[in-house]
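Heads up: the structure comes next, in structure tokens.
The values are calculated or read from the model by the stated rules, or taken from the named source; none is laboratory data. The structure presented is a predicted model; accordingly, all values stated were derived computationally and were not measured. Glycine also receives a Cβ, built like all others from the backbone with ideal geometry; neighbour counts cover every protein chain displayed.
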Amino acid sequence: MTRSVALLGATGYTGRLVAAELARRGIEHRLGGRSAERLEAVPCSGGRHVVDLADEDSLDEFLAGAEVLITCVGPFAEHGMPVVEAAVRTGTPYVDSTGEFAFMSEVYRRFRDAATPLVPACGFDYIPGDLAAAIAVEELGGVAAEIDVLYRLKGGKPSRGTARSAVGALSAASLTPRRIVVEGPDGPLSAVEVPWGERVTVPLHVPGASVRSGIVAPDAFTRAAALAAPLAQLTTPLTRAASPLLHRLVDRMKEGPDPQARGQAHALVVAEARNGTRSARVAVHCRDAYGLTARMLVEASQRIAGTGAQAPAEALSPRAFLDAVSGVDDNGELRWEIL
């Protein structure tokens, strides 16, 4: 049985992709956004609703009768919390497309014991890494002391919304660019540590583990970044001071990459779990992060279970979910493997 979906943020770059995926799968849905004119431009067989995020009644009316909410309204640090509160208030299961770890942390802190399942970060950020980490831990018998999650990105261009969220997240982040090396499917991966979302999600289902996340870069760069790590704290005030300028630059960006550019964006996500001398590694190969985000959000909306604010790996069956979103279609390509 499929759940009917309320899609909020339907007129944005990611939201339109999600709307198209819902239509492709024939899932009953309604669209919500701030502009009636922009909503009319999004194909939909269900209703269109102008929603005021500052008005509880407007949000509650939009959610009335829906069986699950997908929200793509960002930056989530600015717009996300009233939507989470509405989902809790109305008892509507919730998934979102956020990659903002500060927002995710606040959702987990406030709503861990809620009666409603609330699952942030159900797109490319951070389904592959969180689920791969969970599977790697399963391969070790369910216990791990250390977990690394690395991303190798090639050819991707961010949407304006992603860039806007990234500026806010980096302004609030504390960087410690240590070097991480993990064996990948085609050789060693050398990465610079960054405060990615798996540092927030993975400890929820692997308590006590030390979790690191990183971005793969040329080995010489990662070694140089590690040497400069003591200076990293000096960059945080500079990033915050530059935030207004960065936001103005982001506002001049295109809304998002065209389908051809999306199809040329590849990513490899590798999770390694270690316990003593034993280790296990899982790799997820992706093409078209935005298309896959739409595929993952829709699939997650139909599969989430449990109660309260959860990491993806808590609300979803990791192996079954990755199998369900594997394959090639108009929304990209995904395959996963145990190394």
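Might you check whether a residue that is crowded, with 24+ Cβ neighbours inside 10 Å, modelled with pLDDT under 95 and not assigned by TED's automatic domain parsing to the domain that holds F62 occurs anywhere in segment 131-144?
No, segment 131-144 contains no residue that is crowded, with 24+ Cβ neighbours inside 10 Å, modelled with pLDDT under 95 and not assigned by TED's automatic domain parsing to the domain that holds F62.
Mind telling me which of the residues G276, G263 ends up being touching a residue at least 24 places away in the same chain (Cβ under 8 Å), surrounded by fewer than 19 Cβ atoms within 10 Å (Cβ to Cβ) and touching a strand residue (DSSP E or B) at 6+ places or on another chain (Cβ under 9 Å)?
G263
What is the one condition in (1) aromatic (F, W, Y); (2) touching a Phe, Trp or Tyr at 6+ places or on another chain (Cβ under 9 Å); (3) modelled with pLDDT of 95 or more that F101 does not satisfy?
In the conditions (1) aromatic (F, W, Y); (2) touching a Phe, Trp or Tyr at 6+ places or on another chain (Cβ under 9 Å); (3) modelled with pLDDT of 95 or more, F101 misses (3) alone.
Output the residue which, of all residues in segment 185-215 that are part of a loop (DSSP other than H, G, I, E, B) and touching a residue at least 40 places away in the same chain (Cβ under 8 Å), is farthest from R109 (Cα to Cα).
Across segment 185-215, the extreme among qualifying residues is P185.
Just need a number here: residues in segment 327-339 that are more than 17 Å from the chain's Cα centre (by Cα) and assigned to a loop (DSSP other than H, G, I, E, B).
2
Would you confirm whether or not segment 151-159 contains a residue that is under 20 Å from A102 (Cα atoms), at pLDDT 85 or above and crowded, with 19+ Cβ neighbours inside 10 Å?
There is at least one residue in segment 151-159 that is under 20 Å from A102 (Cα atoms), at pLDDT 85 or above and crowded, with 19+ Cβ neighbours inside 10 Å.
Looking at segment 5-58, which of the residues that are of a type in the set (V, I, T) and assigned to a helix (DSSP H, G or I) is farthest from A300 (Cα to Cα)?
Only one residue tops the list, namely T14.
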